[in-house]
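Heads up, the thing below is written out as structure tokens.
Please treat every number below as a calculation from the coordinates, not as lab data. None of these values were measured; they are calculated from a predicted model. Virtual Cβ from ideal backbone geometry, glycine too; neighbours counted across all protein chains shown.
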Amino acid sequence: MAKQNTVLIKLVSTADTGFFYVKKKNPKKTTEKLSFNKYDPVARKHVQFKESKIK
């Protein structure tokens, strides 16, 4: 079996609510950090989510 080349990353809300999404990323193809505008249900609006490591 081949080794999986994707890693799990955590997308943390910049609204400091503690809410996060988990996403797969191929670190060989995408070397920069990811950031998305997604919905934060705690803040009840769309905010920017930035990549961080899963501990």
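Per-structure values
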{"item": "Unit charges on C-beta of K, R, D, E only; dipole of the chain, Debye", "result": "260"}
{"item": "Under 15 Å, Cβ to Cβ, from THR17 - net charge with Lys/Arg +1 and Asp/Glu -1", "result": "+3"}
{"item": "Cα lying deepest toward the dipole's positive end in the chain, options TYR39, VAL22, MET1, charges on Cβ", "result": "MET1"}
{"item": "Cut-off 13 Å between beta-carbons: net charge of the residues surrounding THR30, Lys and Arg +1, Asp and Glu -1", "result": "+4"}
{"item": "Net charge contributed by nearby residues that have their C-beta within less than 11 Å of HIS46 (K/R +1, D/E -1)", "result": "+2"}
